[in-house]
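Enquirer: Just dropping this structure here.
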Amino acid sequence: MSNETMRLQLPLLQSAQAQKHVTVNEALMRLDGLTNPVLESVTVVAPPAAVIDGQCWGVPQGAAEAWSGHAGSIAVGANGGWVFVCPSRGMRAFVADRGTEAFFDGQAWFIGAATFGTMGAGLAFGMTESEVTVRAGAVFDTGIAIPASVMVIGAVARVTQALTGTLQTWRLGTADSNNRFGQGLGKDTGSWARGMLGTPMTYYSSANLLMTGEGGAFTGGKVKLAVHWLELRLPD
């Protein structure tokens, strides 16, 4: 008889076992972390300084310190240390620092997966977001990148600190079209843009989101921005 369950590697009680509470508590800690799992990240290589019970991390290749040698596992915080569980192919989790769900493909996490075929092909949803501090100039490069070979659905923005300068309104776009995601946008705190494209556009080369002043230039302000896309995954 196995000492643990097949899928989640929960420890099983053995006949005439002493200190049964230790085994039961370990199983409950694993179950607490792996039920509707939320992974804080799947790219951070070193464990956090403070271990929080039930908090989970996807251990990447090249992991260090207490995670060394556990690449591909889920690290579950438990009693000040870590319990490592090997996810099964097709397991789903929410990846907090990417804002999307992921499937485990047998070796790593397939970020944003909407579909995942038996040969490894799939369709993924992607997003990049950041809050930027606008610098002086007529055009501001946000540094938020649309990756190559994705189909962009749209971009969104919200002004979190009023935009200052001589501009009257502003545009959101990329180098090839500076108003692709909006124009005539407001400067005041709370102003927003919802740049949904009528026809999704494929970017074959990477491009950064640009803010362009209309009627003048920027001198400051803060804006939260995000761009959303679809991406195809090749078969294994």
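Enquirer: Considering only protein heavy atoms and a 1.4 Å probe, what is the carbon-and-sulfur percentage of the accessible area of the chain?
Expert: Summing carbon and sulfur atoms, their accessible area is 55 percent of the total for the chain.
Enquirer: Where does the chain land at 222 nm, in deg cm²/dmol rounded to the nearest 500, when only DSSP H runs of n ≥ 4 count, each adding -39500 (n - 2.57), divided by all residues?
Expert: -2000 deg cm²/dmol
Enquirer: Based on Cβ point charges of +1 for Lys and Arg and -1 for Asp and Glu, what charge dipole magnitude is obtained for region 37-175 about its Cα centre, in debye rounded to the nearest 20?
Expert: That gives a dipole near 320 debye.
Enquirer: Using a Gaussian network for the chain with springs between C-alpha atoms less than 10 Å apart, which of these wobbles most: Pro11, Pro48, Pro87?
Expert: Of Pro11, Pro48, Pro87, the Gaussian network model singles out Pro48 as fluctuating most.
Enquirer: Another one. Which value in Å is the Kirkwood Rh of the chain over different Cα pairs?
Expert: Every distinct Cα pair counted, the radius reaches 20.5 Å.
Enquirer: Any lysines with Cα under 30 Å of the Lys187 Cα? List them, leaving off those in the same chain fewer than 8 positions away.
Expert: Those lysines meeting the cut-off are Lys222, Lys224.
Enquirer: So what's the net charge close to Thr219: Lys and Arg +1, Asp and Glu -1, counting the other residues with Cβ under 13 Å from its Cβ?
Expert: +3
Enquirer: Let me ask something else about it. Using 0.36 nm per residue of separation minus the Cα-Cα distance, give me the extension gain between Ala121 and Thr219 in nm, one decimal.
Expert: 30.7 nm
Enquirer: Then there is this: How much accessible area per residue does region 146-236 have, in Å², with a 1.4 Å probe?
Expert: 50
Enquirer: Right, something else. Roughly how far apart, in whole Å, are the Cα centres of region 193-236 and region 100-162?
Expert: For region 193-236 versus region 100-162, the Cα centre distance is 10 Å.
Enquirer: Quick one: accessible area per residue over region 4-93, 1.4 Å probe, rounded to a whole number of Å²?
Expert: Normalised by residue count, the accessible surface of region 4-93 is 54 Å².
Enquirer: I would also like to ask the following. Only four residue types carry charge here, +1 at the Cβ of Lys and Arg and -1 at the Cβ of Asp and Glu. Report the dipole size of the chain about the Cα centre in Debye, rounded to the nearest 20.
Expert: Rounded to the nearest 20 debye, it is 420 debye.
The values are calculated or read from the model by the stated rules, or taken from the named source; none is laboratory data. All of these numbers come straight from a predicted model, not from anything done at the bench. Glycine also receives a Cβ, built like all others from the backbone with ideal geometry; neighbour counts cover every protein chain displayed. Only protein heavy atoms, including side chains, enter the accessible area calculation; ligands, DNA and RNA are left aside. Shrake-Rupley method; radii C 1.70, N 1.55, O 1.52, S 1.80 Å.
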